[in-house]
Amino acid sequence: MLIVGSAGTHSPEGRANVSRLVNAVRREAHGLDVADGYVDQQSPALAEVVRTTAGPRAIVPLLLTRDPLPLRAMIAAARLDPSVSVTAPIGPDWVLAEIGVQRLIEAGARPDDSIVLAAEALTDAAAVDDVSKAARLLSAVWGGRVHIGTLAGLDTGLDEAIDIARAYGKRVVVSSYVLTSGAAHDEMLACGADVVTAPLVPAGAPDQRLVGLVLARARSRSGWVTGEDGEHHVALG
């Protein structure tokens, strides 16, 4: 069984977009049962989904980084049953970089623009590493330099990153490294960039590459384990 784990959002549009993604995963699962569960702000709660299901289950985090708070909640839910594992998050990944470039093209980005990958608040070194990797992947697919800006926490703030990018005398385009609509994307839209892309999962039919990425995580042998000290790391089977 595949449990799609999400942090949850207050945004009605964001909720609808995630729901469409889960339904698309369900359609492509080919005999694999698919459920969704949420860490916060939405129901059903992930822990409740674990309690009310049985058999081998893989929780796939719909997270773009190793964000410690939702990951710890997902690991805690998995600990309720030894048959449950938590896979690596969906990001960073080449698939997301390809979709990110598609969003840039859809937004009208040009080859001579200054690109800033905008991420949510980062409070963990592992998440910073993940965003750095996401920027490198986006740069490789886009074929040009990509700056990094975050809404809060560690690494360069988005406002500062935009100022740095604007110093090159070119248009500044923000590549929104967020899954769907919500408060974070609203803040990116108001950041003062010349162009801001849509989220990776905008309104409408989900990208089949993303659907495939979720299913690939579920079928992989990569999982999260938690030691006695409470820290988490990826265990490769």
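Does any residue of segment 44-64 turn out to be over 24 Å from SER175 (Cα atoms), among the charged types (D, E, K, R) and assigned to a strand (DSSP E or B)? Yes, that holds for at least one residue. Within segment 104-113, not a single residue is of a type in the set (A, V, I, L, M, F, W, C), touching an Asp or Glu at 6+ places or on another chain (Cβ under 6 Å) and open to solvent by less than 30 Å² (accessible area, probe 1.4 Å).
Residue by residue, here is whether (1) over 22 Å from GLN208 (Cα atoms); (2) touching a Phe, Trp or Tyr at 6+ places or on another chain (Cβ under 7 Å); (3) open to solvent by less than 10 Å² (accessible area, probe 1.4 Å) holds:
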| residue | (1), (2), (3) |
| --- | --- |
| VAL84 | yes, no, no |
| LEU96 | no, no, yes |
| ILE99 | no, no, yes |
| GLN102 | no, no, no |
| ALA127 | yes, no, yes |
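For ASP81, the stated conditions do not hold, so it cannot be described as outside any helix (DSSP H, G or I) and touching a residue at least 40 places away in the same chain (Cβ under 8 Å).
Taking segment 141-160 as the range and being open to solvent by less than 60 Å² (accessible area, probe 1.4 Å), more than 17 Å from VAL195 (Cβ to Cβ) and out of contact with any Leu (no Cβ under 7 Å at 6 or more places or on another chain) as the test, the residues that pass are VAL141, ALA152, THR156, GLY157. Close contacts from segment 43-71, counting a first residue that is over 14 Å from GLY8 (Cβ atoms) and a second that is open to solvent by 30 Å² or more (accessible area, probe 1.4 Å) and of a type in the set (Lys, Arg), with Cβ to Cβ under 7 Å and a gap of 6+ residues or different chains, come to VAL60/ARG217. If only residues of segment 170-206 that are open to solvent by less than 70 Å² (accessible area, probe 1.4 Å) and closer than 16 Å to GLY144 by Cα are counted, the one that is farthest from the chain's Cα centre (by Cα) is ARG171.
Checking VAL173, VAL128 one by one, the residue that is under 27 Å from GLU13 (Cβ atoms) and either outside any loop (DSSP other than H, G, I, E, B) or not hydrophobic (A, V, I, L, M, F, W, C) (or both) is VAL173 and no other. For segment 46-58, the criterion of being within 30 Å of ALA193 (Cβ to Cβ) and open to solvent by 10 Å² or more (accessible area, probe 1.4 Å) is met by none of the residues. With respect to the stated conditions, ALA135 fails to be part of a helix (DSSP H, G or I), in contact with a strand residue (DSSP E or B) (Cβ under 6 Å, 6 or more places away or on another chain) and either open to solvent by 60 Å² or more (accessible area, probe 1.4 Å) or more than 18 Å from PRO199 (Cβ to Cβ) (or both).
Scanning segment 17-38 for residues that are open to solvent by 40 Å² or more (accessible area, probe 1.4 Å) and over 20 Å from SER83 (Cβ atoms) yields SER19, ARG20, ASN23, ARG26, ARG27, GLU28, HIS30. Restricting the first member to segment 151-162 and to residues that are touching a residue at least 60 places away in the same chain (Cβ under 8 Å), and the second to residues that are open to solvent by less than 50 Å² (accessible area, probe 1.4 Å) and of a type in the set (Ser, Thr, Tyr), no beta-carbon pair is closer than 9 Å while six or more apart or on different chains. Of all the criteria given as (1) part of a helix (DSSP H, G or I); (2) out of contact with any Lys or Arg (no Cβ under 6 Å at 6 or more places or on another chain); (3) touching a residue at least 60 places away in the same chain (Cβ under 8 Å), the one not satisfied by VAL95 is (2).
Selection of segment 115-125 for residues being under 14 Å from SER176 (Cα atoms) and assigned to a strand (DSSP E or B) yields ILE115, VAL116, LEU117, ALA118, ALA119.
The values are calculated or read from the model by the stated rules, or taken from the named source; none is laboratory data. A quick note: this is a predicted structure, and the numbers were derived from the prediction, not measured. When we count neighbours, we look across all protein chains shown, and the Cβ atoms used for this are built from the backbone with ideal geometry, even at glycine. In case anyone asks, the SASA skips ligands and DNA or RNA and just uses the protein heavy atoms, side chains included. Shrake-Rupley method; radii C 1.70, N 1.55, O 1.52, S 1.80 Å.
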